[in-house]
Ligand code: COS
């Protein structure tokens, strides 16, 4: 379907497509097998200026909007969402600075992330705080001209690989959601370390570690935004990043439709290619319908967010749920169409099915997204 993209948007698609076809697809199986971080591929994305897409022009970026980043991530996700997650997590890590940071923080951190020289990571989740984002235990206490951080973040994408970490910590426990603040921590800060890489079901090219703060001292001016606004910045960050996760779902969906259709045309059973059997055709048709419907919603949501940035929570959650549930269903069906071969590592759909699962979990489970949508509906209809 033609979504009438601008020339610049077509260019973003073309660049991401080329990196996906030439660099990601040939390497994805090996990166998955070896749990290997895709540094060289990320370097080629940096050379192609992809890291600059979400960063404002005055800080060395492309100044792209939500649809621009969605288009890039959809293509990268078609290749491998492990690689694409490493890329997306750098954008996620820098959003708090874009959304709430001072000009000084923006000048200090955004240009090196826009150029791809440095990677970023976002630290919210803890052992006892995931869906309950305001239940975090990590603390930050002001001591003279420094903040002293203590606590442990869990399952942080780009942990150990990023140089810039934006993290949320409690600065005044009595104030509830208004008692959290966000900070920038740099690789090498005293008292800051990362745990070993986690062993995951999928997205194994990406790195996931703990972030450990033991009397970690950082300068006072590394606070992002005003004291006590950390939870709001976290929520706005997640609202901004969720369409990107939806785009990864589109990427997997497209790759699965492609793989399963090509296979069904080649695989002969009972003397005919299996695509000539209605049972298989209907599965492929349902996969294609769900994919295209999800794409229409993700693009429409991204355009809405670009036009109305203050009204993004509901549409952001809606497109995340729809496209990632679609990715799980369509990847499971692709394995089914391909039968025994689909279940084997020799074909890429088994990896896509393992990878798809995380999309329903990270950056807010799809159950939490439904809570957000339900709460927004409740508010809207109370006003009517
Ligand atoms: N944008 C701006 N402000 C927001 C917001 C948003 N999207 N969502 C909530 N807020 C504000 C609220 O307005 C409220 O402000 P006041 O204190 O001024 O009233 C404050 O934040 C607290 O909001 P709320 O009471 O709704 O917070 P809850 O603790 O009930 O949180 C959910 C609700 C479940 C929506 C939230 O915890 C959430 O999104 N969880 C998922 C987190 C997640 O994605 N985790 C995975 C992380 S992997 S990176």
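The alpha carbons of the chain occupy a box of 79, 54, 41 Å along the principal axes, longest dimension given first.
Any idea what the relative contact order of the stretch 289-384 is, in percent, if you count C-alpha pairs under 8 Å spaced at least 6 apart?
Numbers: 75 pairs, mean separation 27.5, N = 96.
Answer for the stretch 289-384 is 29 percent.
Only Cα pairs under 8 Å and 6+ residues apart enter the sum, and on that basis the relative contact order of the chain stands at 16 percent.
How tilted is helix 278-307 with respect to the longest principal axis of the chain? Cα atoms for both, answer in degrees (0 to 90, nearest 10). On a 0 to 90 degree scale, this one is about 30.
Computed over the stretch 276-328, the Cα gyration tensor eigenvalues convert (square root of 5λ each) into semi-axes of 30, 10, 5 Å, ordered from largest to smallest. Exposure proxy ranking for 80, 319, based on other Cβ atoms within 10 angstrom of each Cβ and starting from the fewest, stands as 319, 80.
Take the alpha carbon gyration tensor of the stretch 1-59, find the square roots of its eigenvalues, order them as a ≥ b ≥ c, and report rounded if a/c is under 1.5; if not, report prolate when a/b exceeds b/c, else oblate. Oblate, because a/c is 1.5 or more while a/b does not exceed b/c.
Rg/Rh, computed from the Cα trace of the stretch 1-136 with Rh as the Kirkwood radius, has the value 1.00. Tell me, what is the FRET efficiency for residue 107 and residue 344 to the nearest 0.05, using R0 = 41 angstrom and their Cβ-Cβ distance as r? Rounded to the nearest 0.05, the efficiency is 0.20.
Taken along the Cα-to-beta-carbon direction at a fixed 7 Å, the label points for residue 11 and residue 370 span 4.3 nm. log₁₀ I(q)/I(0) of the stretch 159-248 at q = 0.12, 0.18 Å⁻¹, via Debye over equal Cα point scatterers, no solvent, to two decimals? With one equal scatterer per Cα and no solvent, log10 I(q)/I(0) is -0.46, -0.97. Relative to the dominant Cα principal axis of the chain, helix 81-100 is inclined by about 30°. Length gained on full extension, residue 270 to residue 258, computed as 0.36 nm times the residue gap minus the Cα-Cα distance: 2.0 nm. Residues considered: 182, 352, 283. Largest GNM mean-square fluctuation over the chain, using C-alpha springs under 10 Å, is found at 283. Multiplying the residue separation of residue 39 and residue 186 by 0.36 nm and subtracting their alpha-carbon distance yields 51.0 nm.
How far, in degrees from 0 to 90, does helix 7-19 lean away from the longest principal axis of the Cα atoms of the chain, to the nearest 10? On a 0 to 90 degree scale, this one is about 80.
With only alpha-carbon atoms in the gyration tensor, what are the semi-axes of the equivalent ellipsoid for the stretch 106-259, in Å, largest first?
Numbers: eigenvalues 154, 61, 51 Å².
The equivalent ellipsoid of the stretch 106-259 has semi-axes of 28, 17, 16 Å.
Global size of the stretch 182-234: 14.1, 39 Å for Rg and Dmax (C-alpha atoms, Rg to one decimal, Dmax whole).
Sorted from fewest to most neighbouring beta carbons within 10 Å, what does the list 275, 223 look like? Walk me through the numbers before you get to the answer.
Details: 275 17, 223 24.
Arranged by neighbour count, lowest to highest, 275, 223 become 275, 223.
This ranking places 248, 31 by how few other beta-carbon atoms lie within 10 Å of each, fewest first, which gives 31, 248. Principal axis extents of the C-alpha atoms in the stretch 199-278 (largest first, rounded to whole Å): 73, 27, 14. Translational diffusion coefficient of the stretch 251-384 (Stokes-Einstein, Kirkwood radius from Cα pairs, 20 °C, 1.002 mPa s): 132 µm²/s.
A Förster radius of 30 Å combined with the Cβ-Cβ distance from residue 220 to residue 152 puts the calculated FRET efficiency at roughly 0.85.
Values in this text are rule-based calculations from the coordinates and carry no lab data. This one's a predicted model, so the numbers in the text were calculated from it and none came from an experiment. Don't worry about glycine lacking a Cβ; one is built from the backbone with ideal geometry, like all the others, and counts go over all protein chains shown.
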